[in-house]
1. Can you tell which of A:Ser11, A:Ser20 is at pLDDT 75 or above, polar (S, T, N, Q) and open to solvent by less than 50 Å² (accessible area, probe 1.4 Å)?
2. Checking B:Gly275 against (1) outside any helix (DSSP H, G or I); (2) within 24 Å of A:Gly169 (Cβ to Cβ), which single condition isn't satisfied?
3. Within the stretch B:233-255, is there a residue that is open to solvent by 10 Å² or more (accessible area, probe 1.4 Å), within 12 Å of another protein chain (Cβ to nearest Cβ) and farther than 24 Å from B:Ala46 by Cα?
4. Taking into account only those residues within the stretch B:114-149 that are away from every other protein chain (no Cβ under 12 Å) and of a type in the set (Phe, Trp, Tyr), which is nearest to the chain's Cα centre (by Cα)?
5. Answer yes if at least one residue in the stretch B:60-75 is in contact (Cβ under 8 Å) with a residue 12 or more places away in the chain and not in a loop (DSSP other than H, G, I, E, B), and no otherwise.
6. Considering only the stretch A:184-196, state which residues are more than 23 Å from A:Ala173 (Cβ to Cβ) and modelled with pLDDT under 85.
7. Can you name every one of the helices (runs of 4 or more DSSP H) wholly within the stretch A:89-172 that holds 3 or more residues which are open to solvent by 70 Å² or more (accessible area, probe 1.4 Å) and more than 21 Å from A:Tyr185 (Cβ to Cβ)?
8. Within the stretch A:277-305, how many residues turn out to be facing chain B (nearest Cβ under 7 Å) and of a type in the set (S, T, N, Q)?
Amino acid sequence: MATYTLRKVLSLIPMMLFISFLIYLGIELMPGDAVDFLIPPDALATMSAEQLNAMRESLGLNDPFLVRYLKWLGGLLQGEFGYSIQSGVPVATLMKNHLPATIELTVTALVFSSVFGVLFGVLSALKKGSLIDQVFSLIGMAGVAIPQFLLGLICINAFALHLNILPAGGRMASAGQSFVERLPYLLMPALVLGFSLTAGVMRYARSSMLDSMGRDYMKTARAKGIPEWRVNLLHGLRTALTPVVVLIGFRLPMLIGGAVVIEEVFQWPGIGSLFVNAVRSQNTPLVMMIGFFSVLLVLISSIIVDIVTAFLDPRIKLS
Amino acid sequence: MSSLDRKMDRILKREESGKGRRGIKNRTLRKIFANKLSIAGFVIFAGILFMCVCAPLFTQYSSTKVDLRSILQAPSASHIFGTDKIGRDIWARILYGGRVSIGVGFGSALIATVIGVSLGTICGYKGGWLDGVVMKLSEVLMAFPQMILVLILVTVTGQSLWNLILIFSVTGWPSMYRMARSQMLSIREEEYVQALKAFGIGSMRIAFVHMLPNAIGPIFVNVTLSTAMFILQEASLSFLGLGVPLEVATWGNILNVAQDLTILKDAPWIWLPTGIVVTLFVVSINFIGDGLRDATDPSQIG
C-alpha cells in the first residue's frame, strides 16, 4: 500500500512542474511586476528610474526568465505565493481567509449530494421502472439541465424575497456567530449546489447498481439463501459503490473552485467569489495561484480516488 | 422465452427484406423514432432553434433598441414578456440572444470536435511521439476544473464573443480527443484495417476514410452533449459578467440583470422566461443526445 501510494505521488511531480511553469508564464505575461505593487503608488511617483532599477536588481527581477522561475518555484515550496496586485495583501493570507467559507459550503453540498445521490440511485435501481424510479430520473434530468445560478435565483426569489424565511445571501449577520446561528445562511447555497450534484451521483449509482444486480455473484448469494436485503446491501452495493466513489472523488477539487457560480449568486465569501473578483479586476497573480491550487487539488484527489478504489474493490491489485 | 423467439423472428424477417447498408441506416433512424423522449426533445429543439433563427418573423422589436418611455413594463399585449430596465423588449432579446447563445454553444462544440477528433484519429492510428505529446497536453488541460480554466483563459485573453468560442474550443477538445483516440485504438485491431494496409492504402486514408465513419456514433453524441454544456457555461459566465460583452444580447446576458435583488423580486418576467427557455433547450439537447447514444449503440437491439 505504501509503495503504491508513493509511486502515485511521485508520478505527479513532472505534471505539477509543467503546470507551475505555465502558471508562472501567465503571471509574467501580465504587465507590471513586483516593484509596482510592493511600493505604494504615491511613493512610486517620487522615485527615480535608477532607484526603481536598483530595487528590481536587488529583488532579482532583472535575472533571466528561467532563474526567476526557479526562484519563484523555491518560494512556492516555502509558502510564498505572491501578492494580490489590488491590495498588496499576500495571496496566502487571502486564500486562508476565504478557504473556511468555501469548505463549509462545499463539504455540506458534497455530503448531501453523495448521501442522497447514492440513496435515490440505489432505490431507483431496486425498484426499476416504478413510479419512484421515474420521479427520481425526472429530478435527475432537471438537476443536470437547470443552470445552477438559475436555481439559486429561483430559491432566493421564493425563500428570501417573498417568503422571508431565509437570508438572501452572505455567510453571517455579524462576525463571531456560532455555526448554528449561521446555519440559515448556509442552507440555501448548500442545497442548491447539492441538488445539481445529486443528479449526477444518482444517475451513476443507479446504472452501477443495476449493473451489479445482474452479476452472477448476486445469484450465487441468493442461491445460498442469504436474505434479499443482505444480498442487495452487502453484495450488490459494495461493488456498485466503487464507480460512485470514483465520481465523488473527482468532485473533491470542487472544494476549492467548483462553487464559483453559486458563491457569486449567494454572495458567499469563499474562494469562488475571491476568484471571480480577481478575474473581474484582472488580478493575474491571484487568478493564477487559485488556478494552481485547484489543479493541485485535482491531482491529489485523483490519487485518493485510486487508493480508495483499490481498497474498496477486492478485484483491483495494488501491484 | 417465447417473447424472445418472436423478437428473433421479427429481426430475421426484417433482415431478409432489408438490403445491406440501407438496412443499418434505417435501424439507427428507426431506433431514434421509437424513442419518445428524443422525439419530444427534437421537437422542442427545432422549435426554439427555428424561432431564434427566424426571429424577425416572431417579433417586430429589436433586441438592442432602447425605449426609455416603456421601462420595466410587465408582460402585456404589446410586449408579451415585458421590457427590461432600459425598455428593451424581453421576447425579442430572448430570440436574438438565442442566436448568439446557440451559435456559441454549437460553434464551440463543432470546433472542439474537429480539433479533438482529427488529433484523436491521427494519434490513435499512428501512436508514437505525437500521441505522447498530445496525450500529455490533454492531461494538463483536463487537470484544471473546467470553470477555473475557462476563467483563467478569460483573464489572459480578455472578454469578447470570439475569445469565448476560442476558450470553449481550447477547453473542450481534450475529451473529444480521448474519445476518438480510444475508438481508433479498438478499431485498429479489426481485420479489415489489416486488409487495407495490405493493399498499400495510405495510413491517413485508412484512418479518416475507412475507420473514422465507424466511430461516428459516439462523436455525434459528444457534439450534442458538448453543445448543451457550452450553452450552460456561456449562460453562467455571462451571468457573472465575464462571458460575452454585455451589449450583445445572449441568454446569459439577459439573466445577468437578475443579480440585482429588486429586479429579481419585482420583475420576474425579465429572467424567469429566459431561464425556462435555456433549461428547455438544454433538456431537449440532452434528450436528443441520449436517443442518439442508444440508437447508434449496436449492442442495443431495436
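1. Step by step, each of A:Ser11, A:Ser20 is checked, and only A:Ser20 is at pLDDT 75 or above, polar (S, T, N, Q) and open to solvent by less than 50 Å² (accessible area, probe 1.4 Å).
2. If we test B:Gly275 against (1) outside any helix (DSSP H, G or I); (2) within 24 Å of A:Gly169 (Cβ to Cβ), just (1) comes out false.
3. yes
4. B:Tyr125
5. no
6. Result: A:Ser196, single match.
7. Here the list reads A:91-126, A:131-145.
8. 3
The values are calculated or read from the model by the stated rules, or taken from the named source; none is laboratory data. Everything numeric in this text was worked out from a predicted model, so none of it was measured. Don't worry about glycine lacking a Cβ; one is built from the backbone with ideal geometry, like all the others, and counts go over all protein chains shown. Remember, those area values only see protein heavy atoms, side chains included, never the ligands or the DNA or RNA. Shrake-Rupley method; radii C 1.70, N 1.55, O 1.52, S 1.80 Å.
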